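Notes follow once the structure below has been shown.
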Amino acid sequence: MYSILLVISLLSTVRSLSLSTAPKIKVAVVGGGPAGSCAAEALARNPNIECILFERKFDNVKPCGGAIPYCMVEEFNLPSEIIDRKVNKMKLISPTDREVDIGQTLLPHEYIGMTRREVLDGYLRDRAISYGTKALNALVTEIEVPKSKDGKYVISYANVDGNTKETVEVDYVIGADGANSRVAKAIDAGEYNYAIAFQERIRVSDEKLKFYEELAEMYVGDDVSPDFYGWVFPKYDHVGVGTGTVVNRPAIKQYQKAIRDRAGAKIEGGKIIRVEAHPIPEHYRPRRVVGRAALVGDAAGYVTKCSGEGIYFAAKSGRMAGEAVSKVVAATGKVPNQDQMIKEYIKPYDKLYLPTYTVLDLLQKVFFSSNAAREAFVELCKSEYVQRVTFNSYLYKKVQGTNPLQDVILLFQTIGSLFRGNALTRPDAEYSNPVESLKRL
């Protein structure tokens, strides 16, 4: 028995020595937002992996509402100083300007964190660097896919600082480079539909900002978006005011004016300090792992419908992909192949979050299709049961268990609310955008 244990111990020692003396596996992470930074951190923790992170703008100010769920703060060990506001109240405003206050089911310690992306992204990226990630301030211009099974990926990039062009060979690539992902194009991951999000950062008076200290507002109605919502979210010293749409993207500035008008006196006199616009994916890409490359965050299509949330899912998918690569390397000493990454990354991710995407997709189709449906949605949100299920699902990123009796009651309430919505609201305005309307998937 002792001799068997000794042999096992010796084999383990030899394997550890072979891993430590073998050349490090080189992984490139393209994109330095939450998805890329969390992937890089997970990779850098493995001493047998060399991680290179490419980010074209270290001070990038991404157009984004910036909301993060309560569970993300603890799960990703985020310090309170990077959270601008802790929102525990939300006001939902219907097409007829009916207001419903939601948040009454929150516990005293629960909140929605409001962040600025340049602050959040910078913190996560710096943390990845502290674990050994090599971060390059560079724009990736081309990714050459290997032609053989064991060939290298060749990444061409332009250094922003020195304006020099270079190439590097890597064993694995993680694409965290957003909706217009170069990695996705290089590996032929397929296309997806996208929304345009438009936001203005508006500096308002201290008195007006005080109103939004712990409050966020969401406006629904075809005047602010025919298929999404408009928002006013509090930040450090300003508010973010924005909207988004898929089906009528050319009219985005018209919808932005409408959300400013709806907010009215609450932001009156404010100064626009920044205007931002960005594409947001509407669904998963057809292929998220191809060969020795994986997509995470917006590049993979991890943004929920109805809420338009993507920060948590970006960070989580990045971490899970990085951990999957690291796990295979630790177990085999080799680069993971496509099947291994589907098993270790894609399937676990979908098991955790596909129900959430499915439910929110259904909610958007039901309640964001007309003014009558939007009016009904706002009315239903008065229900403590609806608020509890909705907020708990958002805060903890799990579709919460429901009460069958309450669900039956809710069904009848929904039917009644839809009838009342039809009576109260005007029909949606028509718009002529047949080509883009047909793109909705």
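Every number in this text was worked out from the coordinates using simple rules, so none of it is lab data. Note that the structure is a prediction, hence the values are computed from the model and not measured. Every residue, glycine among them, receives a Cβ derived from its backbone with ideal geometry; neighbour counts consider all protein chains shown.
A simple spin-label model places the labels of K134 and K347 3.4 nm from each other, with each point 7 Å out along Cα-to-Cβ.
Can you tell me how the chain classifies by the Cα gyration tensor, rounded, prolate or oblate, using a/c under 1.5 as the rounded cut? Because a/c hits 1.5 or more and a/b exceeds b/c, the chain counts as prolate. When peptides 50-62, 299-311 are sorted by average Cβ neighbour count within 10 Å, with the highest value leading, the order is 299-311, 50-62.
Residues with amide H under 5 Å of R45's amide H, sequence separation 5 or more or different chain, H placed in the peptide plane at 1.01 Å from N; which? So R45 has HN proximity to no qualifying residue. Once C-alpha pairs closer than 8 Å and six or more residues apart are averaged by separation and normalised to the residue number of the chain, the relative contact order reads 19 percent.
Sort 226-238, 332-344, 315-327 by the packing proxy (mean of other Cβ within 10 Å over each peptide's residues), most packed first.
Those peptides, ordered most packed to least, come out 315-327, 226-238, 332-344.
Taken along the Cα-to-beta-carbon direction at a fixed 7 Å, the label points for Y396 and E166 span 4.7 nm. Label separation (V366 vs T141): 5.1 nm, computed from points 7 Å beyond Cα along the C-beta direction. For the chain, the share of DSSP beta bridges that are antiparallel, to the nearest 5, is 70%. Extension gain for K152-A330 works out to 62.1 nm (0.36 nm per residue, less the C-alpha to C-alpha distance). Simple point charges give the picture: +1 on the Cβ of Lys and Arg, -1 on the Cβ of Asp and Glu, and for the chain a dipole about the Cα centre of about 740 debye.
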